[in-house]
Amino acid sequence: MRIVIGISGASGSTVGAGFVRRCPGEKFLVVSEWGWKNLEIEAGLSRADLEPHVKRIFADDDLAAPFSSGSNTFDALVIIPCSLSTLAKIASGMAETLITRMAQVALKERRRMVLCLRETPLSSIALENALKLSREGVMIMPICPPFYKDPRTMQDLVDGYNDKVLAAIGALDLLPDRPKGWREDLLK
């Protein structure tokens, strides 16, 4: 499975870094300028920390990168975290960065796309933008970790949420340590 991951400048970069590490398959990464700053501020992470987990990292201003064209296929685009600014740009058709251009490619090619919003509360404008994209087939997943799996640590919360994203793109079964579903014991 070929997955392109975008990390925008929203808070919650720890969740994005956790997804990069946990996501199976062939992965490519694009991080915005503020995404890199938040990774450093919130998680103490740099490019060198994420490079071993992906096939390649592209600059967000590299509009000549392969995934800016529909000719270069990918199975899913996950923007995690997705800022409300990035959401608005995608909803309005703006594509001046690689992250927003890849989103436009995903939309026009009808590829799987998940936007992991990290903001609360949401304004009516943000909700309308999310609804507009949802109607186009984009999955909108605010970063809300599942509590039903009895998380004990922050990492449990991050992994629980990222497993939900992996399930949304059809990659959860590819994990060697595939987590069991909630109350799966009742199915026996």
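Here, each number is a calculation from the coordinates, and none is a lab measurement. Computed from a predicted model, the values in this text were never measured in an experiment. All Cβ positions, glycine included, derive from the backbone under ideal geometry; neighbour counts span all protein chains shown.
Neighbour counting of Cβ atoms within 10 Å sorts the residues VAL31, VAL54, fewest neighbours leading, into VAL54, VAL31.
Between the labelled values (1) 1.08; (2) 0.98; (3) 1.33, the entry that holds Cα Rg over 2.2 N^0.38 Å as derived from this structure is (2). With respect to the chain, whose longest principal axis is taken over its alpha-carbon atoms, helix 124-135 is tilted by about 80°. Applying a DSSP loop filter and a limit of 12 other Cβ atoms within 10 Å to the chymotrypsin sites (Phe, Trp or Tyr not before Pro) in the stretch 1-85 leaves nothing. Have a look at LEU107, LEU122, LEU172 and tell me which one the Gaussian network model of the chain (Cα, springs below 10 Å) gives the largest fluctuation. Highest fluctuation of the listed residues: LEU122. Compared with the alpha-carbon gap, the fully stretched path from GLU96 to LEU174 is longer by 24.8 nm at 0.36 nm per residue. I'd like the distance between the alpha-carbon centres of the stretch 74-126 and the stretch 47-70, rounded to an integer number of Å. The stretch 74-126 and the stretch 47-70 have Cα centres spaced 17 Å from each other.
Principal-axis analysis of the Cα atoms of the chain puts helix 98-108 at an angle of about 80° to the longest axis. Charging the Cβ of each Asp and Glu at -1 and of each Lys and Arg at +1, and nothing else, the dipole of the stretch 2-187 about its Cα centre rounds to 400 debye.
The length gained by stretching the chain between GLU51 and MET1 to full extension, at 0.36 nm per residue less their Cα-Cα distance, is 16.2 nm. Summary: within the chain, the longest segment free of GluC sites (Glu not before Pro) located in DSSP loops with at most 16 other C-beta atoms within 10 Å is 1-95.
Projecting the Cα positions of CYS144, VAL158, LEU107 onto the charge dipole of the stretch 54-188 (unit charges on Cβ atoms of Lys, Arg, Asp and Glu, taken about the Cα centre) puts LEU107 furthest along the positive direction. Applying a DSSP loop filter and a limit of 10 other Cβ atoms within 10 Å to the chymotrypsin sites (Phe, Trp or Tyr not before Pro) in the stretch 90-171 leaves PHE147, TYR148. Distance from the Cα centroid of the stretch 132-171 to that of the stretch 4-36 is 14 Å (rounded to whole angstrom).
Based on Cα contacts under 8 Å between residues 6+ apart, the stretch 1-157 shows a relative contact order of 23 percent.
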